[in-house]
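**Q** Can you read through this structure? Questions will come right after.
What follows is calculated from the coordinates using simple rules that are stated; it is not laboratory data. Given the structure is predicted, the values throughout are model-derived calculations rather than measurements. Ideal geometry is used to build each Cβ from the backbone, glycine not excepted, and the neighbour counts take in all protein chains shown.
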Amino acid sequence: GYSTPSGTTYNAYLINDTRPTLIDTVKEEFFSEMLERIREVMDPAGIVSIISNHTEMDHSGSIRKMLEVCPKAEVICSPKGAEGLLRHFKKTWNLRVVKTGDVLDTGGRPLQFVLMPMVHWPDSMATYAPNDHILFSNDAFGQHHASHERFADEINLSMIYREAAKYYGNIVMPYGKQVQAVLKSVATLPIDQIFPSHGLMWRRTEDIQKIVALYDGWSRHQTQKKVVIVFDSMWHSTERMAERLCQSFKDARIPVVFLPLQHTHISDVVTEILEARLVLFGTPILNNRMLPSMAALMMYLKGLKPTGRLAFTFGSYGWSLVGFKELENSVIEAGFTLAAEGRYINYVPDEVEWEQLSQDVAG
Ligand code: FEO
């Protein structure tokens, strides 16, 4: 359900201390690449601890192969991580189950754990390095972007913030309350750098403050004066309605984003919805239903639950309005509040109906 046009990275971190420790691994198919990189700095057989911050296979997928290289290493994980690793690998490894505040001795640099249940799996946790004030945040604060640069401030920051928003909207959005709890517990830690498990790392104070503030706002479902119009069309009537609505918002100098579903991936729709106060959903009726493209978006949004936003529905129909009821119910189930009655037009809009659309926007 998520497009990654600029790629991604799986970030594993090696603490090359007297008790070498690997924080997370990578997808299994990238195991050899990770192993070669570890070999550049140390013999991987010397690793004594592998921290599994998150069971999902993009981070734990190489633990099994890694343990063939360093069979005596202990695997450190949360209580739910222990359950998840067992279900994924069916192996009883040398596990050490930790909770918030537990400390791992790596030699000179102790590591501390912070459980982050449901950000975004029950097993998720972060690892904190108190000596260096680094938070290894796993999926939190990540972005799907691959680059030679390591730090967010080394490349186009606005693009990275956009990728971070896409990441939050599509992966973390359903767990706003849990994000709030995590923000509260990490607020007590001095943090100079955030090293996520995807994308670029954050090291400048202003960037750390900004990404944390963004997470705070997103997790509270704070929105801006921004409208999103997302629609699909069959014979252009719904498309023309969408264009008319869009022009009316532009005339009123209200920021509006126009998203035809035929040319927009649903994960990019969610990125735009993240900070939008009002979302307009348009579809024609096909076989008494909304179009399948709109149904797919609705199913996706019902899971992500973008609550606290307003919605308006519109579209063209031939002989039955029943599909619009299904659309309205889906919009409500996804967490939106209907701002007004939907505007549904028989076949092709006439002049009066055109004018009515502009009045709808004024209202
Ligand atoms: Fe990057 Fe939830 O895995």
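**Q** In terms of modelled amide H atoms, which long-range or inter-chain residues lie less than 5 Å from the amide H of residue 256?
**A** 227
**Q** Report, largest value first, the span of the C-alpha coordinates of the stretch 173-219 along each principal axis, in whole Å.
**A** 26, 24, 17
**Q** Do any chymotrypsin sites (Phe, Trp or Tyr not before Pro) in the stretch 168-271 lie in a loop, going by DSSP, with at most 12 other beta-carbon atoms within 10 Å of their beta carbon, and if so which?
**A** Sparse-neighbourhood loop chymotrypsin sites (Phe, Trp or Tyr not before Pro): 235.
**Q** Peptides 321-331, 341-351: what's the order by average Cβ count within 10 Å, highest mean first?
**A** Ranked from most to least packed, the peptides come out as 321-331, 341-351.
**Q** For every helix of n ≥ 4 consecutive DSSP H residues, a contribution of -39,500 (n - 2.57) applies; sum these over the chain, divide by its total residues, and give [θ] at 222 nm rounded to the nearest 500 deg cm²/dmol.
**A** Values: 12 runs with 128 residues, N = 363.
Taken over the chain, the calculation gives -10500 deg cm²/dmol.
**Q** Now for a different question. Give the shape of the chain as rounded, prolate or oblate, defined through the alpha-carbon gyration tensor: a ≥ b ≥ c are the square roots of its eigenvalues, a/c under 1.5 means rounded, and otherwise the shape is prolate if a/b is larger than b/c and oblate if not.
**A** On the way: a/c = 2.72, a/b = 2.33, b/c = 1.17.
Taking the square roots of the gyration eigenvalues as a ≥ b ≥ c, the chain is prolate.
**Q** In whole Å, what are the Cα extents of the stretch 191-340 along the three principal axes, biggest one first?
**A** Principal-axis extents of the Cα atoms in the stretch 191-340, largest first: 62, 33, 26 Å.
**Q** Here's another thing I want to ask about it. So how far apart, in nm, are the two label points at residue 224 and residue 68 if each is 7 Å from Cα heading toward Cβ?
**A** Between residue 224 and residue 68, the label points sit 4.9 nm apart.
**Q** Using only the alpha-carbon atoms of the stretch 1-153 as identical scatterers, what base-10 log of I(q)/I(0) does the Debye formula give at q = 0.16, 0.19, 0.20 Å⁻¹?
**A** Listed by q, the Debye log ratios stand at -0.88, -1.27, -1.42.
**Q** Then there's this: What trypsin sites (Lys or Arg not before Pro) does the stretch 170-265 have in DSSP loop regions with at most 12 other beta carbons within 10 Å?
**A** Counting only loop positions with at most 12 other Cβ atoms within 10 Å, the trypsin sites (Lys or Arg not before Pro) in the stretch 170-265 are 253.
**Q** Separate question: Given 0.36 nm per residue, what is the gain on full extension from residue 354 to residue 88 after removing their alpha carbon distance, in nm?
**A** Additional length available on full extension: 90.1 nm.
**Q** Would you work out which of 70, 236, 271 lies farthest towards the positive end of the dipole of the chain? Charges go on Cβ: Lys and Arg +1, Asp and Glu -1.
**A** So the residue furthest toward the plus end is 70.
**Q** Amide H of residue 104 versus every other amide H placed in the peptide plane: which residues, excluding those fewer than 5 positions away on the same chain, fall under 5 Å?
**A** Close amide H contacts, sequence-distant or interchain: 111, 112.
**Q** A further question follows. Describe numerically, in nm with one decimal, the distance between label points set 7 Å from Cα along Cα→Cβ at residue 305 and at residue 100.
**A** 2.0
**Q** Report, in listed order, any pair from 184/250; 225/305; 80/225 with a Cα-Cα distance greater than 28 Å.
**A** Values: 184/250 39 Å; 225/305 20 Å; 80/225 40 Å.
Too far apart for the 28 Å limit: 184/250; 80/225.
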